[in-house]
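**Q** Okay, here's the structure, questions in a sec.
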Amino acid sequence: MPDAAAPSNLGTNKPVPSGPKPFAPEDEVALREALKRCSPSTFEAAVQFRKTGNAEHVPAVVIGVVERFVEPDLRIKLKDAGDDLRLIEDLGIDSLTMMEIVILVEDVLQMTINNDELRNLRTVGDVKTFIDCKIRGLPLPKPTKFLPIEHIGAVMPMQPPFLFLNEASVSSTAANGKYKISGQEYFLQGHFKDNPVMPASIMLEALGQLAVLYLLEGAPTEPGKAVSPQTIFFTGCEGVRAHRVCKPGDILSLSIKPKRMKMPLATFEGSIRVGQEKAVIAEEITLTYAFVDAVNAPLPINGTVTPEGAKTPEAAPAPTPLRAAINA
Amino acid sequence: MPRVFITGLGFVTSIGNDAPTVTRNLRELRHGFELYPPFQKPDIPCKVVGTIKDFTTDSTDPEDWTFPARYKIKRELLRSMAPNGLFAQCAMLQAIDDARLTEPDISNSVTGLYAASGGSPYLTHYHHERLLKVGVMRCSPLGIVASIVGTLNFNLVAAFKIQGASCGFSSACASSAHALGYAFDDISLGRQKRMFIVGAEDGNVDAILPFAGMRTLSLQTDPNLASRPFDAARDGFVGTGGSTVLVLESEDEVVRRGVQPYAEFLGWGQASDGYNVAISHPGGSGSAASIANALRAAKVAPEAVDYVNAHATSTLIGDISEARALRSIFNSPATRPLVSSTKALTGHGLSLAGAMESGFCALAMREKFIPGNAHLTTVDPECSGLNLPRTTENRAANIMVKNSSGFGGANVALVFQRA
């Protein structure tokens, strides 16, 4: 398969028809001017990206540009920031500054970003993932969606009385949910006698259900494809520990994050808290899944720079969309 | 009707960036002119500008600008400003300090801000050029609010969290005089208790040079001779920029806060020539009518006026027209007020002029002097019959009139009394 990545005109002296145009000295001058208020490493990363098209350099450029627009006294937050750092709440970036960031990123990375693509970028991680997907020509990550119980019930293969999610939010990089132990769950009558305790196996099930919801609502797919609910099954779990007895009245805060996704396996890490208390940790929960043809095709990709190879289906295997997203 | 007082001033002008410096230069008749480097080219006929010192705003990127270190302005504010916005921001800070206003005094429903600038032709040009060159989607999202007329009020109202009346005035060289007049009305009608009046202009190539096309700029190469209002040898005006901010307050606020006002603002008037888009009425009819209206509104007899700060910009037609207007109002030789044009020192600040020169009047009242006519050697016979002192008089004027005129024959007169 990697051999197929070679452009069909390799070995001839015809110029490569597509791909980024060569990085000329005047481009470097313009780039230096555009990034004059960014750190030298930002400039270096941008030069490397423009010369090689290697998307590995993108996060450094994006963070460098964001840093330039953040008030100096807030920049320290970016130093060891995780992808969870919020643009508005943590960095004081308003929508106009966001546009300034976008315009500079567009200029530096030679790409085009549409207004409606910006609205869902809430964290530094969102921005990095977004730019990375654009550069690689991958489907754009879906925005964080907040799903009420009606929506969850409509899409999930599990149904009451065996559905353990009351509400959930799903992004391309994580899913969070809540479940309140009502005390009416039928199994509590026998688990245990006169002492209703949420079974640990059911808590693991609840995390698994959140992972299913992620696969259906959050996971990046291939163009024209969607994950079929009928194809999702549990395959295994590792490192499961229960830390706290959970009883009726407790509200379980569930969260899962994808760790690896390579068809047909998706592996997640998960945790449940009750308030601030750790209840359950699962180092790995693995599900199988498969694609079917989507009813509604996903949005077209409009990044103008697509590294060679990713353009044609027979070219080198593109990393699976999620990998690209979570590696960003 | 609540009385209205001037309680605070801020200056960024060609003759000084603070009230003490401005006062000294006014009193000593020291001008702020220089050979302006961007004009020293063969294809640019005019050479002299009333330059703003200690500021550099010759980049289209506000983050390149330099200004005195005592002003701390965040990028968040700077990014949407034109050069005139920077000048005004600094003048605002001075005026707030001078009037001893606290944050709650500034941000409330009875404190407003009226502003006047010609916008920023400089940034308009830059952003439009960029639009054509790189496409609209690569243009700064703040290009518009930094450029268009109104940039001053947009920026300052947001920066100082003004919650009362806010508006921009656009009557060319009468703009900030209009702003003062309407601010007076708002306070005397009880709508507002306090108003900031801001005049500002970029004062750079794009703001000044277009007037050369109209042949109204002085072509003098000697900064000491370029601006000579009422002089027979005058040959046009000298451009300038900068900003002046005045704080107007109602009497009850003056009392409540226990501040000593510079002057009382007695009233104002306006009238239009109805004559020509750019040429003053030869007889000064509109200007005379506006002064008459102002004096009537202020309940001041012409004989009671001690000093008129004239609009006189040093143009051939304008100065004569104004001289005729002044002669028709102040027609008794025994009681003629002193008349001078401080544009001989500063140059013509366009939209800024009315506010800047009203600020000068306030300073002169408090400091008890009347500025003379700098650079006036031979009075144009057409401008005779006015009491034009060559030197500064060290006495307090009781009543001053600030006279202003703008394109389209808009005329405004403001009447101040020593407080």
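The values are calculated or read from the model by the stated rules, or taken from the named source; none is laboratory data. Not measured: the values here are computed from a predicted model. Backbone-built Cβ (ideal geometry, glycine too); neighbour counts: all protein chains shown.
**Q** Does any residue of region A:45-60 turn out to be within 30 Å of B:K72 (Cβ to Cβ) and either within 28 Å of the chain's Cα centre (by Cα) or surrounded by fewer than 20 Cβ atoms within 10 Å (Cβ to Cβ) (or both)?
**A** Quick first cut of region A:45-60, residues within 30 Å of B:K72 (Cβ to Cβ) only: none.
Checked region A:45-60: no residue is within 30 Å of B:K72 (Cβ to Cβ) and either within 28 Å of the chain's Cα centre (by Cα) or surrounded by fewer than 20 Cβ atoms within 10 Å (Cβ to Cβ) (or both).
**Q** Go through region B:183-222 and give me each residue that's hydrophobic (A, V, I, L, M, F, W, C) and part of a helix (DSSP H, G or I).
**A** Hits for region B:183-222 are B:A183, B:F184, B:I187, B:V205, B:A207, B:I208, B:F211, B:A212.
**Q** Within region B:352-370, does at least one residue satisfy the condition of being at pLDDT 95 or above, assigned to a loop (DSSP other than H, G, I, E, B) and under 25 Å from B:D273 (Cβ atoms)?
**A** No, because not a single residue in region B:352-370 is at pLDDT 95 or above, assigned to a loop (DSSP other than H, G, I, E, B) and under 25 Å from B:D273 (Cβ atoms).
**Q** B:A232 passes all but one of (1) hydrophobic (A, V, I, L, M, F, W, C); (2) crowded, with 24+ Cβ neighbours inside 10 Å; (3) farther than 24 Å from B:L86 by Cα; which number fails?
**A** So the condition that B:A232 fails would be (2).
**Q** Taking the conditions exactly as written (without any contact (Cβ under 8 Å) to a residue 60 or more places away in the chain, surrounded by fewer than 24 Cβ atoms within 10 Å (Cβ to Cβ), over 28 Å from B:V49 (Cα atoms) and away from chain A (no Cβ under 14 Å)), does B:S250 satisfy them or not?
**A** no
**Q** If only one of B:N155, B:N204 is over 17 Å from B:M356 (Cα atoms), within 14 Å of chain A (Cβ to nearest Cβ) and at pLDDT 95 or above, which one is it? Lay out the reasoning, then the answer.
**A** Details: B:N204 fails: within 14 Å of chain A (Cβ to nearest Cβ).
Sole residue among the options that is over 17 Å from B:M356 (Cα atoms), within 14 Å of chain A (Cβ to nearest Cβ) and at pLDDT 95 or above: B:N155.
**Q** B:K161 passes all but one of (1) at pLDDT below 95; (2) assigned to a loop (DSSP other than H, G, I, E, B); (3) surrounded by fewer than 16 Cβ atoms within 10 Å (Cβ to Cβ); which number fails?
**A** The number of the failed condition is (1).
**Q** Out of (1) within 13 Å of chain B (Cβ to nearest Cβ); (2) over 19 Å from the mean Cα position of the chain (by Cα); (3) surrounded by fewer than 21 Cβ atoms within 10 Å (Cβ to Cβ); (4) free of Cβ contacts under 8 Å to residues at least 60 places away in the same chain, the odd one out for A:C38 is which?
**A** (3)
**Q** Hey, which of the helices (runs of 4 or more DSSP H) in region A:103-197, taking only ones fully inside, have at least 1 residues that are within 14 Å of chain B (Cβ to nearest Cβ) and closer than 20 Å to A:L85 by Cα?
**A** Because the criterion is at least 1 residues that are within 14 Å of chain B (Cβ to nearest Cβ) and closer than 20 Å to A:L85 by Cα, the helices (runs of 4 or more DSSP H) in region A:103-197 that meet it are A:115-118.
**Q** Shifting gears a bit: Return yes when A:D73 is within 14 Å of chain B (Cβ to nearest Cβ) and either without any contact (Cβ under 8 Å) to a residue 40 or more places away in the chain or not aliphatic (A, V, I, L, M) (or both) and no when it is not.
**A** Values: within 14 Å of chain B (Cβ to nearest Cβ): yes; either without any contact (Cβ under 8 Å) to a residue 40 or more places away in the chain or not aliphatic (A, V, I, L, M) (or both): yes.
When the stated conditions are applied, A:D73 passes them.
**Q** Scan region B:39-61 residue by residue and report those that are without any contact (Cβ under 8 Å) to a residue 12 or more places away in the chain and in contact with a strand residue (DSSP E or B) (Cβ under 8 Å, 6 or more places away or on another chain). Show your work before the answer.
**A** Taking region B:39-61 and keeping what is without any contact (Cβ under 8 Å) to a residue 12 or more places away in the chain, we get B:40-43, B:56, B:59, B:61.
B:T56 - this is the single residue of region B:39-61 that is without any contact (Cβ under 8 Å) to a residue 12 or more places away in the chain and in contact with a strand residue (DSSP E or B) (Cβ under 8 Å, 6 or more places away or on another chain).
**Q** Here is a check on your reading of the model: is A:L121 assigned by TED's automatic domain parsing to the domain that holds A:L215 and closer than 26 Å to A:M261 by Cβ?
**A** Taking the combined requirement at face value, the residue does not satisfy it.
**Q** Scan region A:89-97 and give yes if some residue there is touching a helix residue (DSSP H, G or I) at 6+ places or on another chain (Cβ under 9 Å), farther than 25 Å from B:R79 by Cα and away from chain B (no Cβ under 14 Å), otherwise no.
**A** no
**Q** For region B:140-147, state whether one or more residues are away from chain A (no Cβ under 12 Å) and modelled with pLDDT of 95 or more.
**A** Yes, that holds for at least one residue.
**Q** If I go through region B:45-100 residue by residue, how many of them are of a type in the set (F, W, Y), away from chain A (no Cβ under 14 Å) and surrounded by fewer than 24 Cβ atoms within 10 Å (Cβ to Cβ)?
**A** 3
**Q** Sticking with this structure for a sec: With (1) within 23 Å of B:S290 (Cα to Cα); (2) modelled with pLDDT under 95 as the list, and B:M214 as the residue in question, which single condition is left unmet?
**A** Only one criterion in (1) within 23 Å of B:S290 (Cα to Cα); (2) modelled with pLDDT under 95 is unmet by B:M214, namely (1).
**Q** Name the residue that is surrounded by the fewest Cβ atoms within 10 Å (Cβ to Cβ), counting only residues in region B:367-419 that are of a type in the set (D, E, K, R), within 24 Å of B:L266 (Cα to Cα) and touching a Ser or Thr at 6+ places or on another chain (Cβ under 9 Å).
**A** Filtering region B:367-419 for residues that are of a type in the set (D, E, K, R), within 24 Å of B:L266 (Cα to Cα) and touching a Ser or Thr at 6+ places or on another chain (Cβ under 9 Å), the one surrounded by the fewest Cβ atoms within 10 Å (Cβ to Cβ) comes out as B:E367.
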